[in-house]
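K.L.:
This is the structure I have questions about; it appears just below.
The values are calculated or read from the model by the stated rules, or taken from the named source; none is laboratory data. If you're wondering where the values come from, they're calculated on a predicted model, not measured in any experiment. Neighbour counts run over all protein chains shown; Cβ positions are idealised from the backbone, glycine included. Heads up: the accessible areas ignore ligands, DNA and RNA and are worked out on the full protein's heavy atoms, side chains in. Shrake-Rupley method; radii C 1.70, N 1.55, O 1.52, S 1.80 Å.
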2 protein chains.
Amino acid sequence: MPPAAELLTRLRGIFPADALATGEAERIAYSYDNSRRHALPDAVVFPTGHAQVEALVQACREYRLPVVARGRGSNTTGATVPVEGGVVVSFERMNRILRIDPDNRLAVVEPGVLNGDLQKALAPHGFFWPPDPSSAPWCSVGGNLACNSAGPRAVKYGTPRENTLGLRAVAGSGEGFRCGTYTSKGATGYDLTRLLIGSEGTLALITEATLKLTPKPSAIRTVRATYRDVGAAARAVARIMAQPVTPCALEFIDDVALKLAHAHGGDSVPLAGAMLMIEVDGEPATLDGAVEAVSAAARGDGLEQLSIARSAEETLALWSARKALSPAQRTISPNKINEDVVVPVSHLPALVDGIKQLSARHDVLIVSFGHAGNGNLHVNLLPRDEAERERAHACLADLFALVIALDGTLSGEHGIGLVKREFMPLALSPNALGLMRNVKNAFDPDGILNPGKLLP
Amino acid sequence: MPPAAELLTRLRGIFPADALATGEAERIAYSYDNSRRHALPDAVVFPTGHAQVEALVQACREYRLPVVARGRGSNTTGATVPVEGGVVVSFERMNRILRIDPDNRLAVVEPGVLNGDLQKALAPHGFFWPPDPSSAPWCSVGGNLACNSAGPRAVKYGTPRENTLGLRAVAGSGEGFRCGTYTSKGATGYDLTRLLIGSEGTLALITEATLKLTPKPSAIRTVRATYRDVGAAARAVARIMAQPVTPCALEFIDDVALKLAHAHGGDSVPLAGAMLMIEVDGEPATLDGAVEAVSAAARGDGLEQLSIARSAEETLALWSARKALSPAQRTISPNKINEDVVVPVSHLPALVDGIKQLSARHDVLIVSFGHAGNGNLHVNLLPRDEAERERAHACLADLFALVIALDGTLSGEHGIGLVKREFMPLALSPNALGLMRNVKNAFDPDGILNPGKLLP
């Protein structure tokens, strides 16, 4: 049902000319994300400032019309799919870096700035913003904040929750507000900043963010270790994380993934039971010691080969397997189910072992790789036909149950969105979910912000 | 007014024998904290487990009786003073370290564990928990979480919000719940963990915490730099924080504080316009480079002397001024007003300059020192008589206005409590305060948890 003509007139007043789109082509273009779910919005708007977002939410609240914030739609959980219609708010035109302030180690940005563009702008100042999802070149900072998206570097530098100082936003009530600080410390009232981060657009729309910057380490070194089997590699991960030198990346790739990558990437990709990519960064003089420390921990029962890159070319060669992985998976299954479960690092051996068993029991091809230093594995189910797709869904439920039994949780960095909310009661008690519903109500009393997401 | 006899009977059922105290002596002992405000509670209870806390809050909710959580009462803001009576919940008997798990870099503790006892227990495992308030030997982890208390190390390692993975708690509704994870990454629903941290017992009572541990650096080096005046030192702080080596402590001491400390601590305390204490930590091989980097940044216009400690004795000698400071202040004014404002580091010169002017204009002795690397200064007003005490209060309002004008905030690590809540509208807009009130209502619908605190 299209929004009432009255509301449409009002939206036209807020969003002149091409800042409002109601044509079918545009609506289709904003109907889906990387989850491959889709649902048509009634309209798409392209704000260029905070005041427009306030006016939009106030108008939509009057008409009880859903409002769905959207960065660049690279998320994998359907978090930006307008399942109940309404207005999609694309922040792609609010893409200015408002301030880079190296003296205070902060940057102020609009939500539509691309993560990769931000990193490029920060580099000349000697700083970076740690969150680094693999979609960094084309995903937005606002989306990163909404989903608490991270990437390999989180093992050392944390996620958006550890790297954001403050926000400006518009609550579902239509009220604009600022929260957080411009300082690296603050104890002035409730932490609304972290509450909004990871809330997937269900509490408020972020219109500005003050990001905490980190000095760019001047050097990086890469180590690749292959193992007899996934268990041996998982045990090495636990050893690496139990010693004092924290790597800036600690990536795991299982045997199935290596085989796939080898078939597509050629002989530079090793065939092994499992592989770890380990990176350390810091001042150049410190790196020999750091490489030695992580290598010592990487060695142990089941290690097959340990290679240390001595040049940029060697580093690239070592990463070839990881790079070949995503295209390789797509050729097998266009319907891959991409999960990102997380368990305490010492439970990784049990998780990878359990995944092998689930793959066999449900007869579903599963490829596992990811940010092992955080215990965060991308578990990719690759169904090749409809029957396998059905088995994959049953397998998924068992996977989540396994993860919870291992003291883990449903998502490390992708979020819940549409596709995982039915599993939320596995991870959270009725009381915790009830409090989250109360919090939702505190920000969005009429439930207009991104309905149908996150909370079951 | 004592609680109804009926409720008292019910509390006796929950808290047998000496776990419930209603005698005047005990009530007086739990009527005040380090703010030197006081108000008598109706009763004091000493839970030993989560279930007791649930039963307590449920009972008190029925009778609309206030419930005030208390660690060890070392906070300076009156956050644990039962201004509306009710039951003080002292967590001193819930002081068990439930689990130290070095493989997963976490510890699970009850809230009454003392910060110092936790650090001692972690040391043999090669880990520490970063929050280090100066009261560490006698303050509780639960209190640290409630107030988001930090200390010098926060400049490198963050505050409780960056160092806590999950919590168990009882909301004001009487519902127990768990939030957060046992993993170092999580994107499963709203971040209730960080919301509770810093909420000063107004949303829920924390009964268990899963803390993120950090590997203990194997070595530390101390540098002391004295400056011609506070402005020169403040500019050096901004330079130190703008280069890549982040110190693990960067403490500022102004000229008034140095004079005080010199008078009490003797000639080992330098007399200067201002002083910085700078510490760097890490693997021993990295420290020469780190000391060089921070020393280069510390040098500049106005530097008078830079000393690098070569031994443990020299380190102790360098810290003597800082150590002499607290006893020195007490001898001058038993009524010191201890604030902990925070501004972006590059605004520190303007802040210290502004404080000098306020001290002159209001004719109040002010001593400033603190965690300059975070822009977090302890501004101590030291009124020596009643007249000066009145002038100090007016000065305080001007101080907060100055801090807000400099993009700063009211508190870096002490919190708001009773004494600063009247100033909250300076820092937060009516909309932000309204959302905080909604959040309060979401957790504590009858407003029984720590009434009269934090929100104006």
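K.L.:
Given Cα positions, please report Rg to Rh for chain A, the hydrodynamic radius being the Kirkwood one.
P.N.:
Result for chain A is an Rg/Rh of 0.98.
K.L.:
Once you order the gyration tensor axes a ≥ b ≥ c over the Cα atoms, which shape class does the range A:232-316 get: rounded for a/c under 1.5, otherwise prolate or oblate by comparing a/b with b/c?
P.N.:
Oblate, because a/c is 1.5 or more while a/b does not exceed b/c.
K.L.:
Take every DSSP beta bridge whose two residues both sit in the range B:5-92, then give the antiparallel share in percent to the nearest 5.
P.N.:
Antiparallel bridges: around 30 percent, rounded to the nearest 5.
K.L.:
Oh, and also: So for each of A:161-169, B:202-210 I average, over its residues, the number of other beta carbons within 10 Å; can you give me the resulting order with the highest mean first?
P.N.:
B:202-210, A:161-169
K.L.:
Taking the simple approach of a point 7 Å from Cα along Cα-to-Cβ for both B:Ala360 and B:Ala219, what is their distance in nm?
P.N.:
4.6
K.L.:
Express as a percent, rounded to the nearest 5, the fraction of DSSP beta bridges in the range A:36-142 (both residues included) that run antiparallel.
P.N.:
Around 40 percent of the beta bridges assigned by DSSP in the range A:36-142 are antiparallel ones.
K.L.:
What net charge do the residues around B:Ala309 carry, taking every other residue with its C-beta under 12 Å from that of B:Ala309, with Lys and Arg at +1 and Asp and Glu at -1?
P.N.:
With Lys, Arg at +1 and Asp, Glu at -1, the net is 0.
K.L.:
To continue, here is another question. For the range A:298-304, in order, what is each residue's ³J(HN,Hα) by Karplus, 6.51 cos²θ - 1.76 cosθ + 1.60 with θ = phi - 60°, in whole Hz (x at glycine and Pro)?
P.N.:
Values per residue, Gly and Pro as x: 5, 6, x, 3, x, 5, 9 Hz.
K.L.:
I'd like the antiparallel share, as a percent to the nearest 5, of DSSP beta bridges with both residues in the protein assembly as shown.
P.N.:
90
K.L.:
What are the label-to-label distances in nm, one decimal and shortest first, from A:Ala387 to the same spot in the other copies, with labels 7 Å along Cα to Cβ?
P.N.:
Taking the point 7 Å beyond Cα along Cα→Cβ, the inter-copy spacings are 9.7 nm.
K.L.:
Shifting gears a bit: Kindly give the distances from B:Arg299 to its copy-mates, label point to label point, with each label point 7 Å from Cα along Cα→Cβ, as nm values to one decimal ordered shortest first.
P.N.:
Label-point separations across copies, in nm and ascending: 4.1.
K.L.:
What value, in deg cm²/dmol to 500, does the helix sum -39500 (n - 2.57) over DSSP H runs of n ≥ 4 give at 222 nm once divided by the residues of the protein assembly as shown?
P.N.:
Dividing the helical sum by the residues of the protein assembly as shown leaves -11000 deg cm²/dmol.
K.L.:
So what's the net charge close to B:Val57: Lys and Arg +1, Asp and Glu -1, counting the other residues with Cβ under 11 Å from its Cβ?
P.N.:
Here the count lands on -4.
K.L.:
Next question, about the same structure. Taking both sides together, what accessible area is buried at the A/B interface, probe 1.4 Å, expressed in Å² and rounded to the nearest 100?
P.N.:
For chain A against chain B, roughly 6200 Å² becomes buried.
K.L.:
Taking the Cα centre of each part, how many Å lie between the range A:121-173 and the range B:237-260?
P.N.:
About 29 Å separates the Cα centre of the range A:121-173 from the one of the range B:237-260.
K.L.:
Quick one: check the C-alpha center-to-center distance for the range B:205-232 versus the range A:409-456, whole angstrom.
P.N.:
Going from one Cα centre to the other spans 36 Å.
K.L.:
Then there's this: Given B:Gly174, B:Pro160, A:Leu396, which one lies farthest toward the positive end of the charge dipole of the protein assembly as shown, if we put +1 on the Cβ of every Lys and Arg and -1 on the Cβ of every Asp and Glu?
P.N.:
B:Gly174
K.L.:
Efficiency by 1/(1 + (r/R0)^6): what FRET value for B:Ser307 and B:Leu271, r their Cβ-Cβ distance, R0 = 22 Å, to the nearest 0.05?
P.N.:
0.90
K.L.:
For A:Asp267, place a label point 7 Å from Cα along the Cα-to-Cβ direction in every copy; what are the distances to the other copies, in nm, shortest first?
P.N.:
Values, ascending and in nm: 7.7.
K.L.:
Any idea which of A:Ser333, A:Leu276, A:Val256 is furthest toward the positive side of the dipole for the range A:252-333, if Lys and Arg beta-carbons carry +1 and Asp and Glu beta-carbons -1?
P.N.:
Positive-end residue among those listed: A:Ser333.
K.L.:
Let me spell out the model: positive unit charges on the Cβ of Lys and Arg, negative unit charges on the Cβ of Asp and Glu, origin at the Cα centre of the range A:219-405. What dipole size does that give, in debye rounded to 20?
P.N.:
My answer is approximately 140 debye.
K.L.:
Right, another one. What FRET efficiency, computed as 1/(1 + (r/R0)^6) with R0 = 22 Å and r the Cβ-Cβ distance, is obtained for B:Thr9 and B:His38, rounded to the nearest 0.05?
P.N.:
It comes out at approximately 0.20.
K.L.:
While we're looking at this one, here's another question. How far apart, in nm, are two points set 7 Å out from the Cα along the Cα-to-Cβ line at B:Lys259 and at B:Trp138?
P.N.:
Between B:Lys259 and B:Trp138, the simple spin-label model gives 3.0 nm.
K.L.:
For the range A:219-405, what ratio Rg/Rh do Cα atoms give with a Kirkwood hydrodynamic radius?
P.N.:
My calculation puts Rg/Rh at 0.98.
K.L.:
Also, quick follow-up: With +1 assigned to the C-beta of every Lys and Arg and -1 to the C-beta of every Asp and Glu, and no other charges, what is the dipole magnitude of the protein assembly as shown about the Cα centre in debye, to the nearest 20?
P.N.:
120
K.L.:
Right, something else. Please report the spacing between the Cα centers of the range A:330-402 and the range B:2-44 in Å, no decimals.
P.N.:
Result: 54 Å between the Cα centres.
K.L.:
Quick one: if you take sqrt(5λ) for each eigenvalue of the C-alpha gyration tensor of the range A:94-215, what semi-axes come out, biggest first, whole angstrom?
P.N.:
They are 21, 16, 14 Å, listed from largest to smallest.
K.L.:
A further question follows. Among the listed pairs A:Lys185/B:Lys259; A:Lys336/B:Lys212; A:Lys216/A:Lys259, give every one whose C-alpha distance is greater than 32 Å.
P.N.:
Checking Cα-Cα distances, A:Lys336/B:Lys212; A:Lys216/A:Lys259 exceed 32 Å.
K.L.:
With a ≥ b ≥ c the root eigenvalues of the C-alpha gyration tensor of the range A:186-255, is it rounded (a/c under 1.5), prolate (a/b larger than b/c) or oblate?
P.N.:
It is prolate, given that a/c is not under 1.5 and a/b is the larger ratio.
K.L.:
For the range B:269-329, with only Lys/Arg (+1) and Asp/Glu (-1) charged at the beta-carbon, what is the dipole magnitude about the Cα centre, in debye rounded to 20?
P.N.:
So the dipole magnitude of the range B:269-329 works out to roughly 280 debye.
K.L.:
Dividing the alpha-carbon Rg of the protein assembly as shown by 2.2 N^0.38 Å yields what?
P.N.:
For the protein assembly as shown, the normalised Cα radius of gyration comes out at 0.94.
K.L.:
List the trypsin sites (Lys or Arg not before Pro) within the range A:9-117 that DSSP assigns to loop and that have no more than 15 neighbouring Cβ atoms inside 10 Å.
P.N.:
A:Arg36, A:Arg64, A:Arg96
K.L.:
Which residue, chosen from B:Leu213, B:Val294, B:Ser134, occupies the Cα position most advanced towards the positive end of the dipole of chain B, where the dipole is computed from +1 (Lys, Arg) and -1 (Asp, Glu) charges on Cβ about the Cα centre?
P.N.:
So the residue we want is B:Leu213.
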